[in-house]
1. Has segment 102-112 got any residue that is free of Cβ contacts under 8 Å to residues at least 12 places away in the same chain and either closer than 23 Å to Gly207 by Cβ or outside the structural domain of Thr185 (by TED's automatic domain parsing) (or both)?
2. List, please: which pairs have Cβ atoms under 8 Å, are six or more places apart or on different chains, and start with a residue in segment 295-306 that is basic (Lys, Arg) and end with one that is in a strand (DSSP E or B)?
3. Within segment 235-251, count every residue that is surrounded by fewer than 22 Cβ atoms within 10 Å (Cβ to Cβ), not in a loop (DSSP other than H, G, I, E, B) and not aliphatic (A, V, I, L, M).
4. Which one is nearest to the chain's Cα centre (by Cα), of the residues in segment 79-133 that are assigned to a strand (DSSP E or B) and of a type in the set (Lys, Arg)?
Amino acid sequence: MTVQLPIREVTARWCHEYVNAVFQGRSDRHSGGRRGKIEWLVVVWDGDSVVASRRHGAKHLGPYYRFAVLLLEPFLTIWTRTQRRNVEILSADYPPNDGIVVAVNHMSWFDPMNISHVLWDAGRPPRFMAKDKLFDMPGIGQILGGAGQIPVYRESDDPASAIRAAVDAIENGECVVIYPEGTMTRDPDLWPMHGRTGAAQLGLTTGAPVIPIAQWGPQEVMRPYKTEFNLLPRKTMQTLVGEPVDLDDLRGKEMTKEVLAEATERIMVAITGLLEELRGEEAPVGRIDFRDWKQAEATGQPVKRTVKPRTEIAAPAARSRSGKAGTTKKASTKKTTTKKASTTRTNQPKNGSRSG
């Protein structure tokens, strides 16, 4: 349900409804009839009207989370413009539990705020996956934990236990956000790198849809690897949501290295294709591998984009919203077609911190 109020009513009434929406949950049964689902009514000003929309899976929004929304959403609305496409994909109901995995590109410390804004407005309060060491930091750990964000135990010997909290959240009907690259991109032109297998594991383990999203514009507010804000002139946050990645033929299979690699490649192909559409240009052949980048930084050698060979598991034909087979570009399997990335990376750290 969506309600729009005229702009003339955006005064004390707007403030009252906005604060109530963030801090008060409404316990209603979902239109699909699932029992025990707690949804939230949140009021958002889009510049012309106040929009109220139901929230999916908002069971555990603690005070830290709500306070962050109360501060950040007006800030982002005032200081940035938005161009969003296909966000209705996020608002759909997805069996079995309505939980979703959102896989998104990462190129700026500002882009988590943009994707949070998009997901919140779409009725999907996000829970980000972040490395566990952040939760041990004084202050930051308290905020992350209080806001219900999810630690990732990268050094765990058991891959399943490393993502157990994320699996539980998805099975509880929540929206889990993961950066499949595992860190901010080190590509000099900000194209996605080769992905890690976390997003694929979540999608295959839970059966939840993996929804790819590309964003472009946050890097103008906060340059890659920088922490200074550049708010003026007002920047446009472009976001494009894709259809869930087709992993049906991989579900039910043993999660071997080959299966996870194929699922991960499909996710990265989807994100890269969406980013190509946003930027209006084709991505270069191949991607940078983060491990290769670290080695290149240590030795002073140029880093190369590489193409990883696909497995024998056939990738499904891409389909448009209408269900017809599309003509999306497939990754080449030629090992010899690599491009040398620029060696000028003055803004890139020697050892970048990883997130999700």
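The values are calculated or read from the model by the stated rules, or taken from the named source; none is laboratory data. Quick caveat, the model's predicted, so the values are computed rather than measured. Positions of Cβ are generated from backbone atoms using ideal geometry, with glycine treated the same way; all protein chains shown enter the neighbour counts.
1. Step one: list which residues in segment 102-112 are free of Cβ contacts under 8 Å to residues at least 12 places away in the same chain, which gives none.
So far as segment 102-112 goes, no, none of its residues is free of Cβ contacts under 8 Å to residues at least 12 places away in the same chain and either closer than 23 Å to Gly207 by Cβ or outside the structural domain of Thr185 (by TED's automatic domain parsing) (or both).
2. Lys304/Lys340; Arg305/Arg287; Arg305/Lys340
3. Count: 3.
4. Our first condition is that a residue be assigned to a strand (DSSP E or B); within segment 79-133, this holds for 80-85, 100-104, 126-131.
Checking the rest, the ones that are also of a type in the set (Lys, Arg) come to 81, 84-85, 127, 131.
On the way: Arg81: 19, Arg84: 14, Arg85: 15, Arg127: 10, Lys131: 15 Å.
Within segment 79-133, the match that is nearest to the chain's Cα centre (by Cα) is Arg127.
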